[in-house]
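A.B. asks: Handing you a structure now.
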Amino acid sequence: REGSSKKMEEGAIVVSEPSKKRARIIDDLQSSSIIVTDASNEPNLNNDDEDERYSGLKAPIMLLTGHQGAIYRIRFSPCGEFCASGGADRSIFLWEVYGDCCNYNVLTGHKNAICDLTWCNDRTIATASADKTVCLWDTHAGKRKRNFKGHRGFTNAVCAAKSGNSLASGADDATAVLWDQRSRGGAVVTMHCGRAVTAVEFDQEVDRLFTGGIDDTLKVWDLRQTNAPILQLYGHENTITDLALSPDGKTLLSNGMDSKLFAWDIRPFVAPASSSSSESENRRLAHFLGAKHDFHRNLLGCSWSSDGSKISAGSSDCIVHIWDFATADELYYLPGHQGSVNDVQFHPKEPIVASASSDLSIYFGEIAP
(Lines give C-alpha, C1' and ligand atoms only; values in the text may rest on other atoms or scores of the structure.)
Protein backbone atom coordinates (compact mmCIF):
# COMPACT_ATOMS: atom_id res chain seq x y z
CA ARG A 1 0.00 0.00 0.00
CA GLU A 2 1.26 3.46 -0.88
CA GLY A 3 0.79 6.26 1.59
CA SER A 4 0.89 9.26 -0.75
CA SER A 5 -0.62 10.40 -4.02
CA LYS A 6 1.23 9.70 -7.22
CA LYS A 7 0.78 10.29 -10.91
CA MET A 8 0.44 7.60 -13.55
CA GLU A 9 3.70 6.03 -14.53
CA GLU A 10 5.11 7.64 -17.67
CA GLY A 11 5.04 5.58 -20.82
CA ALA A 12 3.74 5.35 -24.33
CA ILE A 13 0.13 6.29 -24.98
CA VAL A 14 -1.85 4.54 -27.67
CA VAL A 15 -4.72 6.51 -29.19
CA SER A 16 -7.56 4.37 -30.53
CA GLU A 17 -10.13 5.77 -32.91
CA PRO A 18 -13.37 4.06 -34.05
CA SER A 19 -13.46 2.22 -37.36
CA LYS A 20 -9.67 2.39 -37.74
CA LYS A 21 -7.54 -0.68 -37.15
CA ARG A 22 -4.50 1.39 -36.40
CA ALA A 23 -3.06 3.24 -33.46
CA ARG A 24 -0.94 6.29 -32.96
CA ILE A 25 1.86 5.80 -30.46
CA ILE A 26 2.62 9.02 -28.62
CA ASP A 27 5.73 9.05 -26.50
CA ASP A 28 4.74 12.24 -24.70
CA LEU A 29 1.46 14.17 -24.58
CA GLN A 30 3.31 17.44 -25.19
CA SER A 31 5.33 16.08 -28.12
CA SER A 32 4.36 16.59 -31.75
CA SER A 33 6.00 13.31 -32.73
CA ILE A 34 3.39 10.73 -33.79
CA ILE A 35 4.00 7.26 -35.17
CA VAL A 36 1.14 5.75 -37.20
CA THR A 37 0.95 1.97 -37.33
CA ASP A 38 -1.22 -0.67 -38.89
CA ALA A 39 -1.48 -4.46 -38.69
CA SER A 40 1.50 -4.94 -41.02
CA ASN A 41 3.75 -2.47 -39.22
CA GLU A 42 3.40 -2.91 -35.48
CA PRO A 43 5.50 -0.52 -33.37
CA ASN A 44 8.03 -1.91 -30.96
CA LEU A 45 6.65 -1.05 -27.54
CA ASN A 46 9.32 -3.06 -25.75
CA ASN A 47 11.80 -0.74 -24.11
CA ASP A 48 14.49 -2.14 -21.90
CA ASP A 49 14.33 0.99 -19.76
CA GLU A 50 10.56 1.16 -19.31
CA ASP A 51 8.94 0.56 -15.95
CA GLU A 52 7.55 -2.77 -14.91
CA ARG A 53 4.17 -3.59 -16.45
CA TYR A 54 1.21 -4.92 -14.48
CA SER A 55 -1.49 -5.59 -17.07
CA GLY A 56 -2.18 -6.83 -20.57
CA LEU A 57 -2.80 -3.35 -21.99
CA LYS A 58 -0.80 -2.59 -25.13
CA ALA A 59 0.63 0.50 -23.43
CA PRO A 60 0.41 1.84 -19.87
CA ILE A 61 -2.12 4.44 -21.04
CA MET A 62 -4.66 4.01 -23.84
CA LEU A 63 -6.65 6.97 -25.16
CA LEU A 64 -9.96 6.14 -26.87
CA THR A 65 -11.82 8.69 -28.97
CA GLY A 66 -14.97 8.65 -31.10
CA HIS A 67 -17.85 9.95 -29.01
CA GLN A 68 -19.40 13.19 -30.27
CA GLY A 69 -20.71 14.33 -26.88
CA ALA A 70 -19.88 14.20 -23.20
CA ILE A 71 -19.39 10.61 -21.95
CA TYR A 72 -21.36 9.94 -18.78
CA ARG A 73 -20.76 6.24 -18.07
CA ILE A 74 -18.21 3.55 -18.82
CA ARG A 75 -18.35 -0.09 -17.73
CA PHE A 76 -16.15 -3.16 -18.22
CA SER A 77 -17.84 -6.43 -19.12
CA PRO A 78 -17.73 -9.12 -16.39
CA CYS A 79 -15.10 -11.09 -18.32
CA GLY A 80 -12.94 -7.96 -18.71
CA GLU A 81 -12.46 -8.36 -22.46
CA PHE A 82 -14.81 -5.56 -23.48
CA CYS A 83 -15.97 -2.14 -22.38
CA ALA A 84 -19.10 -0.05 -23.07
CA SER A 85 -19.50 3.71 -22.90
CA GLY A 86 -22.46 6.04 -23.37
CA GLY A 87 -23.35 9.68 -23.05
CA ALA A 88 -24.79 12.80 -24.61
CA ASP A 89 -24.47 11.61 -28.22
CA ARG A 90 -27.15 8.92 -27.54
CA SER A 91 -24.80 6.14 -28.68
CA ILE A 92 -23.29 3.13 -26.92
CA PHE A 93 -19.71 2.50 -28.01
CA LEU A 94 -18.34 -1.03 -27.58
CA TRP A 95 -14.57 -1.32 -27.18
CA GLU A 96 -12.03 -4.10 -27.01
CA VAL A 97 -9.92 -3.73 -23.86
CA TYR A 98 -6.76 -5.30 -25.24
CA GLY A 99 -4.71 -4.86 -28.40
CA ASP A 100 -5.50 -1.59 -30.16
CA CYS A 101 -8.69 -1.11 -28.10
CA CYS A 102 -10.73 -1.07 -31.28
CA ASN A 103 -14.26 0.28 -31.29
CA TYR A 104 -15.99 -2.79 -32.71
CA ASN A 105 -19.60 -1.58 -32.68
CA VAL A 106 -21.84 1.41 -31.99
CA LEU A 107 -25.39 0.79 -30.78
CA THR A 108 -28.01 3.44 -31.52
CA GLY A 109 -31.70 3.78 -30.80
CA HIS A 110 -32.11 6.09 -27.81
CA LYS A 111 -33.69 9.46 -28.59
CA ASN A 112 -31.91 11.38 -25.86
CA ALA A 113 -28.72 11.20 -23.78
CA ILE A 114 -27.66 7.92 -22.16
CA CYS A 115 -27.39 8.68 -18.45
CA ASP A 116 -26.32 5.27 -17.14
CA LEU A 117 -25.45 1.78 -18.32
CA THR A 118 -24.57 -1.60 -16.86
CA TRP A 119 -23.60 -5.07 -18.08
CA CYS A 120 -26.15 -7.75 -17.14
CA ASN A 121 -23.76 -10.46 -18.39
CA ASP A 122 -20.97 -10.71 -20.96
CA ARG A 123 -23.48 -10.33 -23.78
CA THR A 124 -26.23 -8.01 -22.55
CA ILE A 125 -26.17 -4.31 -21.60
CA ALA A 126 -28.91 -2.27 -19.93
CA THR A 127 -29.12 1.48 -20.46
CA ALA A 128 -31.06 4.33 -18.87
CA SER A 129 -31.81 7.37 -20.98
CA ALA A 130 -33.24 10.86 -20.76
CA ASP A 131 -35.80 9.65 -23.34
CA LYS A 132 -37.60 8.08 -20.31
CA THR A 133 -36.80 4.48 -21.28
CA VAL A 134 -34.69 1.56 -20.09
CA CYS A 135 -33.30 -0.62 -22.89
CA LEU A 136 -31.61 -4.01 -23.12
CA TRP A 137 -29.02 -4.56 -25.86
CA ASP A 138 -27.51 -7.72 -27.34
CA THR A 139 -23.86 -6.79 -27.91
CA HIS A 140 -23.18 -9.86 -30.05
CA ALA A 141 -26.06 -9.23 -32.43
CA GLY A 142 -25.63 -5.46 -32.21
CA LYS A 143 -29.30 -4.71 -31.65
CA ARG A 144 -31.85 -3.76 -29.00
CA LYS A 145 -33.68 -6.63 -27.28
CA ARG A 146 -36.11 -4.77 -25.00
CA ASN A 147 -37.43 -1.24 -24.64
CA PHE A 148 -39.01 -0.80 -21.20
CA LYS A 149 -41.40 2.14 -20.96
CA GLY A 150 -43.15 3.37 -17.86
CA HIS A 151 -41.16 6.25 -16.41
CA ARG A 152 -42.67 9.69 -16.89
CA GLY A 153 -39.42 11.61 -16.47
CA PHE A 154 -35.76 11.37 -17.45
CA THR A 155 -34.40 7.94 -16.49
CA ASN A 156 -31.19 8.68 -14.61
CA ALA A 157 -29.93 5.33 -13.34
CA VAL A 158 -30.08 1.59 -13.98
CA CYS A 159 -28.54 -1.44 -12.26
CA ALA A 160 -28.68 -5.20 -12.82
CA ALA A 161 -29.03 -7.80 -10.08
CA LYS A 162 -25.90 -9.83 -9.33
CA SER A 163 -28.02 -12.95 -9.86
CA GLY A 164 -31.35 -13.52 -11.55
CA ASN A 165 -33.03 -11.33 -14.16
CA SER A 166 -34.02 -8.20 -12.27
CA LEU A 167 -33.25 -4.66 -13.34
CA ALA A 168 -33.87 -1.51 -11.35
CA SER A 169 -34.11 2.04 -12.62
CA GLY A 170 -34.57 5.47 -11.09
CA ALA A 171 -36.02 8.57 -12.73
CA ASP A 172 -37.05 12.19 -12.39
CA ASP A 173 -40.65 11.05 -11.85
CA ALA A 174 -39.66 10.22 -8.24
CA THR A 175 -39.93 6.46 -8.73
CA ALA A 176 -37.61 3.47 -8.64
CA VAL A 177 -38.88 0.62 -10.80
CA LEU A 178 -38.09 -3.10 -10.98
CA TRP A 179 -38.15 -4.79 -14.38
CA ASP A 180 -37.82 -8.42 -15.50
CA GLN A 181 -35.27 -8.80 -18.30
CA ARG A 182 -37.25 -11.72 -19.75
CA SER A 183 -40.52 -9.83 -19.96
CA ARG A 184 -41.83 -7.54 -22.65
CA GLY A 185 -44.38 -6.15 -20.20
CA GLY A 186 -44.28 -3.19 -17.86
CA ALA A 187 -42.91 -2.60 -14.40
CA VAL A 188 -42.87 -5.47 -11.91
CA VAL A 189 -42.74 -3.17 -8.87
CA THR A 190 -42.79 0.61 -8.52
CA MET A 191 -41.41 2.34 -5.42
CA HIS A 192 -42.49 5.93 -4.77
CA CYS A 193 -39.49 7.81 -3.44
CA GLY A 194 -40.93 11.31 -2.98
CA ARG A 195 -38.27 13.14 -5.02
CA ALA A 196 -36.35 12.47 -8.23
CA VAL A 197 -34.17 9.34 -8.10
CA THR A 198 -30.63 9.66 -9.48
CA ALA A 199 -28.93 6.44 -8.29
CA VAL A 200 -29.95 2.81 -7.71
CA GLU A 201 -28.09 -0.32 -6.56
CA PHE A 202 -29.08 -3.87 -5.52
CA ASP A 203 -27.58 -5.74 -2.60
CA GLN A 204 -25.90 -9.08 -3.32
CA GLU A 205 -28.90 -11.22 -2.38
CA VAL A 206 -31.32 -9.03 -4.40
CA ASP A 207 -33.44 -8.67 -1.24
CA ARG A 208 -32.89 -4.93 -0.95
CA LEU A 209 -32.61 -1.94 -3.25
CA PHE A 210 -30.69 1.23 -2.40
CA THR A 211 -31.78 4.54 -3.91
CA GLY A 212 -30.43 8.07 -3.80
CA GLY A 213 -31.82 11.26 -5.20
CA ILE A 214 -32.26 15.00 -4.99
CA ASP A 215 -33.57 14.75 -1.41
CA ASP A 216 -29.95 13.99 -0.35
CA THR A 217 -31.08 10.79 1.41
CA LEU A 218 -29.88 7.22 0.96
CA LYS A 219 -32.94 4.96 1.17
CA VAL A 220 -33.03 1.20 1.70
CA TRP A 221 -36.01 -0.76 0.36
CA ASP A 222 -37.03 -4.32 1.23
CA LEU A 223 -38.11 -5.78 -2.10
CA ARG A 224 -40.60 -8.07 -0.36
CA GLN A 225 -42.44 -5.04 1.03
CA THR A 226 -42.02 -1.86 -0.98
CA ASN A 227 -44.62 0.47 0.52
CA ALA A 228 -41.93 2.49 2.30
CA PRO A 229 -38.14 2.35 2.82
CA ILE A 230 -37.00 0.28 5.79
CA LEU A 231 -34.05 2.59 6.47
CA GLN A 232 -32.99 6.14 5.60
CA LEU A 233 -29.39 7.31 5.97
CA TYR A 234 -28.47 10.98 6.22
CA GLY A 235 -25.20 12.80 5.71
CA HIS A 236 -25.20 14.17 2.19
CA GLU A 237 -26.16 17.81 1.76
CA ASN A 238 -26.88 17.69 -1.95
CA THR A 239 -28.02 15.24 -4.63
CA ILE A 240 -26.62 11.70 -4.51
CA THR A 241 -25.18 11.02 -7.97
CA ASP A 242 -24.18 7.34 -7.81
CA LEU A 243 -24.09 4.27 -5.57
CA ALA A 244 -21.70 1.31 -5.72
CA LEU A 245 -21.76 -1.93 -3.71
CA SER A 246 -18.48 -3.40 -2.44
CA PRO A 247 -17.38 -6.82 -3.75
CA ASP A 248 -18.15 -8.44 -0.38
CA GLY A 249 -21.61 -6.87 -0.31
CA LYS A 250 -21.14 -5.24 3.12
CA THR A 251 -20.39 -1.64 2.19
CA LEU A 252 -22.01 0.93 -0.10
CA LEU A 253 -20.32 3.97 -1.65
CA SER A 254 -22.32 7.11 -2.27
CA ASN A 255 -21.11 10.07 -4.33
CA GLY A 256 -22.87 13.41 -3.85
CA MET A 257 -23.02 16.88 -5.36
CA ASP A 258 -21.86 18.18 -1.98
CA SER A 259 -18.43 16.79 -3.00
CA LYS A 260 -18.71 14.12 -0.32
CA LEU A 261 -17.88 10.48 -0.98
CA PHE A 262 -19.16 8.26 1.86
CA ALA A 263 -18.82 4.56 2.66
CA TRP A 264 -21.76 3.02 4.54
CA ASP A 265 -22.13 -0.24 6.45
CA ILE A 266 -25.26 -1.76 4.90
CA ARG A 267 -25.30 -5.08 6.74
CA PRO A 268 -28.80 -5.80 8.10
CA PHE A 269 -27.76 -5.33 11.73
CA VAL A 270 -25.09 -2.95 13.05
CA ALA A 271 -24.35 -2.46 16.74
CA PRO A 272 -24.61 1.19 17.83
CA ALA A 273 -21.33 2.95 18.51
CA SER A 274 -22.90 4.71 21.50
CA SER A 275 -26.30 5.18 23.07
CA SER A 276 -26.55 8.71 21.67
CA SER A 277 -25.41 8.04 18.10
CA SER A 278 -27.93 7.97 15.25
CA GLU A 279 -28.39 5.12 12.78
CA SER A 280 -26.68 7.21 10.08
CA GLU A 281 -23.67 7.88 12.31
CA ASN A 282 -23.40 4.21 13.21
CA ARG A 283 -23.36 3.15 9.58
CA ARG A 284 -21.15 5.86 8.10
CA LEU A 285 -17.72 4.24 7.92
CA ALA A 286 -15.56 6.74 6.07
CA HIS A 287 -15.49 10.06 4.24
CA PHE A 288 -13.08 10.31 1.29
CA LEU A 289 -11.76 13.78 0.43
CA GLY A 290 -10.64 15.17 -2.92
CA ALA A 291 -13.33 14.65 -5.55
CA LYS A 292 -15.24 17.75 -6.69
CA HIS A 293 -18.64 18.59 -8.18
CA ASP A 294 -19.44 21.84 -9.99
CA PHE A 295 -22.28 23.88 -11.49
CA HIS A 296 -22.73 21.43 -14.38
CA ARG A 297 -24.35 19.05 -11.86
CA ASN A 298 -23.37 15.90 -13.74
CA LEU A 299 -24.26 12.56 -12.15
CA LEU A 300 -20.68 11.55 -11.34
CA GLY A 301 -20.03 7.85 -10.74
CA CYS A 302 -18.09 5.88 -8.11
CA SER A 303 -16.64 2.37 -8.01
CA TRP A 304 -14.64 -0.33 -6.19
CA SER A 305 -11.64 -2.34 -7.27
CA SER A 306 -12.37 -6.06 -7.67
CA ASP A 307 -10.70 -6.92 -4.33
CA GLY A 308 -12.37 -4.06 -2.45
CA SER A 309 -9.07 -2.44 -1.46
CA LYS A 310 -9.40 0.70 -3.61
CA ILE A 311 -12.21 3.06 -4.55
CA SER A 312 -12.60 5.82 -7.11
CA ALA A 313 -15.09 8.49 -8.07
CA GLY A 314 -15.84 10.91 -10.87
CA SER A 315 -14.69 14.48 -10.28
CA SER A 316 -15.33 17.80 -12.01
CA ASP A 317 -11.69 18.93 -11.53
CA CYS A 318 -10.54 16.82 -14.54
CA ILE A 319 -8.65 14.45 -12.22
CA VAL A 320 -9.00 10.71 -11.63
CA HIS A 321 -8.89 10.19 -7.86
CA ILE A 322 -8.19 6.76 -6.33
CA TRP A 323 -8.18 6.07 -2.59
CA ASP A 324 -7.14 3.26 -0.29
CA PHE A 325 -10.39 2.09 1.29
CA ALA A 326 -8.91 0.97 4.60
CA THR A 327 -7.03 4.21 5.34
CA ALA A 328 -8.91 6.77 3.17
CA ASP A 329 -5.51 7.94 1.85
CA GLU A 330 -5.46 9.14 -1.74
CA LEU A 331 -3.20 6.76 -3.68
CA TYR A 332 -3.45 8.22 -7.18
CA TYR A 333 -4.09 11.72 -8.51
CA LEU A 334 -4.16 11.29 -12.27
CA PRO A 335 -4.39 14.29 -14.62
CA GLY A 336 -4.92 14.11 -18.38
CA HIS A 337 -8.56 14.86 -19.06
CA GLN A 338 -9.57 18.36 -20.21
CA GLY A 339 -13.12 18.17 -18.87
CA SER A 340 -15.11 16.76 -15.99
CA VAL A 341 -14.30 13.11 -15.24
CA ASN A 342 -17.83 11.72 -15.10
CA ASP A 343 -17.05 8.10 -14.33
CA VAL A 344 -14.12 5.91 -13.25
CA GLN A 345 -14.27 2.11 -13.25
CA PHE A 346 -11.86 -0.65 -12.23
CA HIS A 347 -11.21 -3.65 -14.45
CA PRO A 348 -12.67 -6.86 -12.95
CA LYS A 349 -9.44 -8.87 -13.25
CA GLU A 350 -6.42 -6.62 -13.81
CA PRO A 351 -5.04 -3.39 -12.28
CA ILE A 352 -6.61 -1.18 -14.95
CA VAL A 353 -8.87 1.84 -14.52
CA ALA A 354 -11.10 3.39 -17.17
CA SER A 355 -12.19 7.02 -17.03
CA ALA A 356 -14.87 8.77 -19.12
CA SER A 357 -15.03 12.54 -19.50
CA SER A 358 -16.99 15.48 -20.84
CA ASP A 359 -13.95 16.15 -23.05
CA LEU A 360 -15.23 13.29 -25.30
CA SER A 361 -12.35 11.00 -24.40
CA ILE A 362 -11.79 7.74 -22.51
CA TYR A 363 -8.56 6.64 -20.87
CA PHE A 364 -7.53 3.12 -19.92
CA GLY A 365 -4.72 3.38 -17.41
CA GLU A 366 -2.52 0.81 -15.71
CA ILE A 367 -1.93 1.14 -11.96
CA ALA A 368 0.13 -0.87 -9.51
CA PRO A 369 -1.75 -3.88 -8.09
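A.B. asks: Most fluctuating residue of 326, 199, 354 in a GNM of the chain with Cα springs under 10 Å: which is it?
C.D. replies: Result for the chain, Cα springs under 10 Å: 326 fluctuates most.
A.B. asks: Lys and Arg at +1, Asp and Glu at -1: add these up for the other residues within a Cβ distance under 13 Å of residue 358 and post the number.
C.D. replies: My count for the surroundings of residue 358 gives -3.
A.B. asks: In what sequence, largest accessible area first, do 152, 90 appear using a 1.4 Å probe?
C.D. replies: Heavy-atom accessible area, descending, gives 152, 90.
A.B. asks: Which pairs in the list 111/149; 58/111; 145/219; 162/219 are over 25 Å apart, alpha-carbon to alpha-carbon?
C.D. replies: 58/111; 145/219
A.B. asks: Would you mind counting up the charge near residue 90? Only other residues with Cβ under 12 Å from its Cβ, with Lys and Arg at +1 and Asp and Glu at -1.
C.D. replies: -1
A.B. asks: Using 0.36 nm times the number of residues separating residue 338 and residue 273, minus their current alpha carbon distance, what extension gain do you get? Could the numbers behind the result be given before it?
C.D. replies: Details: separation 65, 0.36 × 65 = 23.40 nm, distance 4.33 nm.
Length gained between residue 338 and residue 273: 19.1 nm.
A.B. asks: Using alpha-carbon pairs under 8 Å, 6+ residues apart, how would you state the relative contact order of segment 234-364 in percent?
C.D. replies: 17 percent.
A.B. asks: Report, to the nearest whole %, how much of the accessible area of the chain belongs to carbon and sulfur atoms, 1.4 Å probe, protein only.
C.D. replies: So the carbon and sulfur contribution to the accessible surface is 45 percent.
A.B. asks: If amide hydrogens are placed 1.01 Å from N in the peptide plane, which non-local residues have theirs closer than 5 Å to the one on residue 189?
C.D. replies: So residue 189 has HN proximity to 178.
A.B. asks: For segment 320-368 and segment 239-274, what is the separation of their Cα centres, given in Å?
C.D. replies: 20 Å
A.B. asks: Output the Kirkwood hydrodynamic radius of the chain, Cα pairs only, in Å rounded to one decimal.
C.D. replies: 20.8 Å is the Kirkwood radius here.
A.B. asks: Further question: Can you tell me the convex hull volume per residue for segment 53-133, based on C-alpha atoms, in Å³ to the nearest whole number?
C.D. replies: Working: hull volume 7.1 nm³, N = 81.
Hull volume normalised by residue count: 88 Å³.
A.B. asks: Hey, what's segment 248-295 come to in accessible area per residue, 1.4 Å probe, Å²?
C.D. replies: 51 Å²
A.B. asks: Sticking with this structure for a sec: Counting heavy atoms of the protein chains only and a 1.4 Å probe, report the per residue accessible area for segment 74-114 as a whole number of Å².
C.D. replies: Using a 1.4 Å probe on heavy atoms only, each residue of segment 74-114 averages 33 Å².
A.B. asks: While we're on this one: Do me a favour and compute the ellipsoid semi-axes for segment 220-369 from its Cα gyration tensor, root of five times each eigenvalue, largest one first, whole Å. If you can, show how the numbers build up before the last one.
C.D. replies: Numbers: eigenvalues 153, 59, 42 Å².
Equivalent ellipsoid semi-axes, largest first: 28, 17, 14 Å.
A.B. asks: Using protein chains only and a probe of 1.4 angstrom, how many square angstrom of residue 230 are accessible, to the nearest 10?
C.D. replies: That residue has around 100 Å² of solvent-accessible surface.
A.B. asks: Residues of segment 195-236 with the amide nitrogen closer than 15 Å to a label point 7 Å from the Cα of residue 328, along Cα-to-Cβ, please.
C.D. replies: Answer for this model: 235-236.
The values are calculated or read from the model by the stated rules, or taken from the named source; none is laboratory data. Keep in mind that this is a model prediction, so the values were computed, not measured. Every residue, glycine as well, gets a Cβ built from its backbone with ideal geometry; the counts of neighbours run over all protein chains shown. Protein only, heavy atoms only, side chains kept; ligands, DNA and RNA dropped before computing areas. Shrake-Rupley method; radii C 1.70, N 1.55, O 1.52, S 1.80 Å.
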